[in-house]
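Below is one structure; the comments refer to it alone.
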Amino acid sequence: MELYKITIRPDSGFGTSVKGDTLFGHFCWQAAHDPTLMNTNLETAIEQYARKPFAVFSSAVPTEAVQGASHYFKRPDIPLDWFLSSEHLSKKEKILAAKALKGKKWLKANIDLILDATRTNLAADSDFMDKGVSETGTYAHNTINRMTGTTGKGRFAPFETTISWFYPSVLLSLFILADPEFLDKEGLVKGMSRIGKFGFGRDASTGMGRFTILDTCLLPLPDLSAGDALYTLAPCLPEKDRFNQTWFTPFVRFGKHGDLLAGVRQPFKNPVIMADEGAVCVPAENIETPYIGCAVTHVSKAMPETVVQAYAPVLPIRLGGHHENNL
């Protein structure tokens, strides 16, 4: 597979978090409307997805809007005291340090250095940031009763939804694995560009979820042997018995069909419980693919062939020898 980094500029607020599984669904709809985006038909690609994924999308990674920018990866979901293991602190000092670290959501790193395997030791010399990258606000909605020409009660009552707005200095990076047999760079960029124009996620019809592609570059595949654990870039379902240890934050995807199926009688999918991005997995065997996880099927009655991306691109990290005592 080939690894691409697509840098996008948010042009509006977002009603839905930009996560890998949702991006995958949006791209599939683009391929359904335009069969020329892929080197094969979408039905064939979906049929093989559980065995051979044609694309694996990461969640959005906030990025500084400057040349040679650093990326803000979600803090790995390992115990906080692991980050303090190399420091000579008293018990009280470790508790206070762990409390301070808990408020720092982001790990600042340069993806080029990570892929060169020179900055993969997260247990030491980590640069954690507590500053935010977005703000959350509310967005008012009205449904007009055509009988009265105004709002009212019940289904016509005004309501608000939550919208996230990224700061002007923040761009977003998407790391996408694509199998050139099914999907090339041109089709990938064209599909993603259309998603940005039409809008991503909830409230796209009101102008939310708009973005512009600023740059697309081909990156080397990560050398997974450079670390002793894997860091995930999207929600996924790590395969059973393939890992000795896994730390993660549970994420429940209450999926809903969009596009042509948004208005069907049963647009909702069965919920899927996954490990959120930022999970850390210690392999029990050599991992030969730049992703882990699986595909999830049987989630939709409206479209039985629907598949959920429960794969995630991964990066190698080094936890150090002390994790072996916990296996």
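How large is the accessible surface per residue of the chain, computed with a 1.4 Å probe and reported in Å² as a whole number?
Computed with neighbouring chains in place, this is 50 Å² per residue.
Dipole magnitude for segment 128-255: about 900 debye, using +1 per Lys or Arg Cβ and -1 per Asp or Glu Cβ, origin at the Cα centre.
Coupling constants for segment 60-66 follow from the phi torsions by the Karplus curve (6.51 cos²θ - 1.76 cosθ + 1.60, θ = phi - 60°), and in residue order they are 5, 10, x, 9, 5, 8, 9 Hz; glycine and proline get x. Helix content alone sets the calculated 222 nm mean residue ellipticity of the chain: runs of n ≥ 4 DSSP H residues at -39500 (n - 2.57) each, divided across all residues, give -4500 deg cm²/dmol.
The shape of segment 1-41 comes out prolate: with a ≥ b ≥ c from the C-alpha gyration tensor, a/c is at least 1.5 and a/b beats b/c. Near the amide H of Gln245, within less than 5 Å, lie the amide hydrogens of Val282, all on another chain or at least 5 residues away, with H placed in the peptide plane. Mean-square fluctuations from a GNM of the chain, with a 10 angstrom spring cutoff on Cα atoms, peak among Val189, Val280, Val66 at Val66.
If I take R0 = 41 Å and measure r between the Cβ atoms of Ile95 and His298 in this structure, what FRET efficiency does the formula 1/(1 + (r/R0)^6) give, to the nearest 0.05? Could you put the intermediate results ahead of the total?
Working: r = 46 Å, r/R0 = 1.11.
Between Ile95 and His298 the formula returns 0.35.
Maximal additional length on extending the Val189-Phe159 stretch stands at 7.2 nm, based on 0.36 nm per residue less the C-alpha distance. GNM remark for the chain: springs join alpha carbons under 10 Å apart, and the peak mean-square fluctuation among Lys153, Lys197, Lys240 falls on Lys153.
Which residues in segment 21-45 have a backbone N closer than 15 Å to a point placed 7 Å from the Cα of Leu261 along the Cα-to-Cβ line? Only 22-33, 42-44 fall inside the zone, counting backbone N under 15 Å.
Does segment 226-325 classify as rounded, prolate or oblate by the C-alpha gyration tensor (a ≥ b ≥ c root eigenvalues; a/c under 1.5 gives rounded; else a/b over b/c gives prolate, otherwise oblate)? Display every interim value, and only then the final one.
Numbers: a/c = 3.05, a/b = 2.78, b/c = 1.10.
Because a/c hits 1.5 or more and a/b exceeds b/c, segment 226-325 counts as prolate.
Converting phi to 3J(HN,Hα) with the Karplus coefficients 6.51, -1.76 and 1.60 and the offset θ = phi - 60°, segment 230-247 yields 10, 10, 8, 10, 7, x, 7, 10, x, 5, 5, 6, 9, 10, 6, 8, 9, 10 Hz in sequence order, with x at every glycine or proline.
Stretch Asp81-Asn145 to full length: gain in nm at 0.36 nm per residue minus the Cα-Cα span?
Here the segment from Asp81 to Asn145 would lengthen by 17.4 nm.
Surface composition of the chain: carbon and sulfur atoms hold 51% of the protein heavy-atom accessible area at a 1.4 Å probe. For His33 and Thr138, calculate 0.36 nm times their separation in residues minus their Cα-Cα distance, and state this gained length in nm to one decimal. Gain in length upon complete extension: 34.6 nm. Pull up the cross-link candidates among the lysines for Lys104, meaning alpha carbon to alpha carbon under 17 Å and not fewer than 8 places away within one chain. In chain and number order, the partners are Lys74, Lys94, Lys131. GNM on the chain, alpha-carbon springs under 10 angstrom: the most fluctuating residue among Leu177, Leu80, Leu37 is Leu80.
Roughly how compact is the chain, stated as its Cα Rg over 2.2 N^0.38 Å to two decimals?
Working: Rg = 20.9 Å, N = 327, 2.2 N^0.38 = 19.9 Å.
Dividing the Cα Rg of the chain by 2.2 N^0.38 Å gives 1.05.
The values are calculated or read from the model by the stated rules, or taken from the named source; none is laboratory data. The model shown is predicted, which means the values in this text are computed figures rather than measured ones. We place every Cβ from the backbone using ideal geometry, glycine too, and count neighbours over all the protein chains shown. All accessible areas refer to the heavy atoms of the entire protein, side chains included, with ligands and DNA or RNA removed. Shrake-Rupley method; radii C 1.70, N 1.55, O 1.52, S 1.80 Å.
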